[in-house]
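Asker: Please find one structure pasted underneath; my questions will follow.
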Amino acid sequence: NDMRDSLRYPAVGVALIIHKGDQVLLIRRVNSHGAGTWATPGGHLEYGETFEECAIRETMEETQVVVGDVRYKAVTNDFFETEGKHYITIWMEGQYVSGEPVAQEDELSELDWYTWDNLPEPLFLPLSNLLSGQNRYP
């Protein structure tokens, strides 16, 4: 058994809650962990990148949407038991500025705007963890 197998570390993800009035933009994940679940745009934090830069970049890459006023919101500790993955998710939130949402990558199949009281199911584990740990949203 290779010693390095036991030296596994969590990955860092950045997720962005994009507000447009009373709605948020959600994407349906495919070809990645959490496939079939609904999530916010987001992805891996790259070396040297700020949380804000990552949130803006990933949102543009995935959806072609321009966002502004991006700021820190929360952090979740997300352990995907079945996939054997562990993420620290840095939650950011921002405002929709422009752009018609279009699925740009093969990691998402569809996307749309939803209100907090009418979210699609099932939710991506980090989003579910965020919502269960907060009472700010109904």
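Asker: In the full protein assembly as shown, how much of VAL102 is accessible to a 1.4 Å probe, in Å² to the nearest 10?
Answerer: 70 Å²
Asker: How much length would be gained if the chain were fully extended between ALA35 and TYR72, taking 0.36 nm per residue of separation minus their Cα-Cα distance, in nm to one decimal?
Answerer: Length gained between ALA35 and TYR72: 10.7 nm.
Asker: Moving on. Per residue of the range 41-55, in order, report the coupling 6.51 cos²θ - 1.76 cosθ + 1.60 (Karplus, θ = phi - 60°) as ³J(HN,Hα) in whole Hz, putting x for Gly and Pro.
Answerer: x, x, x, 6, 6, 8, 4, x, 8, 7, 4, 4, 4, 5, 4
Asker: Calculated from DSSP H runs of 4 or more alone, at -39500 (n - 2.57) each and per residue, what is the 222 nm mean residue ellipticity of the chain, nearest 500?
Answerer: It comes out at -4500 deg cm²/dmol, rounded to the nearest 500.
Asker: So how far apart, in nm, are the two label points at MET60 and VAL102 if each is 7 Å from Cα heading toward Cβ?
Answerer: Label at MET60, label at VAL102, 1.6 nm between them.
Asker: Here's something else I'd like to know. Using a ≥ b ≥ c from the Cα gyration tensor of the range 1-102 (square roots of the eigenvalues), is it rounded, prolate or oblate, where a/c under 1.5 gives rounded and otherwise the larger of a/b and b/c decides, a/b for prolate?
Answerer: In terms of gyration-tensor shape, prolate.
Asker: Just how far, in whole angstrom, is the range 1-65 from the range 82-111 if you go by their alpha carbon centroids?
Answerer: Centre-to-centre distance over Cα atoms comes out at 5 Å.
Asker: Another one. Rg and Dmax of the range 52-138, using alpha carbons, in Å: what are they?
Answerer: Cα-based Rg and Dmax for the range 52-138 come out at 13.8, 37 Å.
Asker: Counting only heavy atoms of protein chains, what accessible area per residue, in Å², does the range 59-113 have with a probe of 1.4 Å?
Answerer: Each residue of the range 59-113 exposes 53 Å² on average to a 1.4 Å probe.
Asker: Using a simple charge model, +1 on the beta-carbon of Lys and Arg, -1 on the beta-carbon of Asp and Glu, nothing else, what dipole does the chain show about its Cα centre, in debye to the nearest 20?
Answerer: 400 debye
Asker: Nearest-5 percent of antiparallel DSSP beta bridges in the chain?
Answerer: Around 70 percent of the beta bridges assigned by DSSP in the chain are antiparallel ones.
Asker: Okay, moving on. Accessible area of the range 43-116 with a 1.4 Å probe: how many percent of it is carbon plus sulfur?
Answerer: Reported share for carbon and sulfur atoms: 51 percent.
Asker: Shape verdict for the range 86-127, please, from the Cα gyration tensor: rounded (a/c under 1.5), prolate (a/b greater than b/c) or oblate.
Answerer: Judged from the Cα gyration tensor, the range 86-127 comes out rounded (a/c under 1.5).
The values are calculated or read from the model by the stated rules, or taken from the named source; none is laboratory data. Because the structure is predicted, anything quoted here is derived from the model rather than measured. Cβ coordinates were reconstructed from backbone atoms using ideal geometry, including for glycine residues, and neighbour counts include every protein chain displayed. Each accessible area value is taken on the protein alone, full model and side chains, heavy atoms only, with ligands, DNA and RNA left out. Shrake-Rupley method; radii C 1.70, N 1.55, O 1.52, S 1.80 Å.
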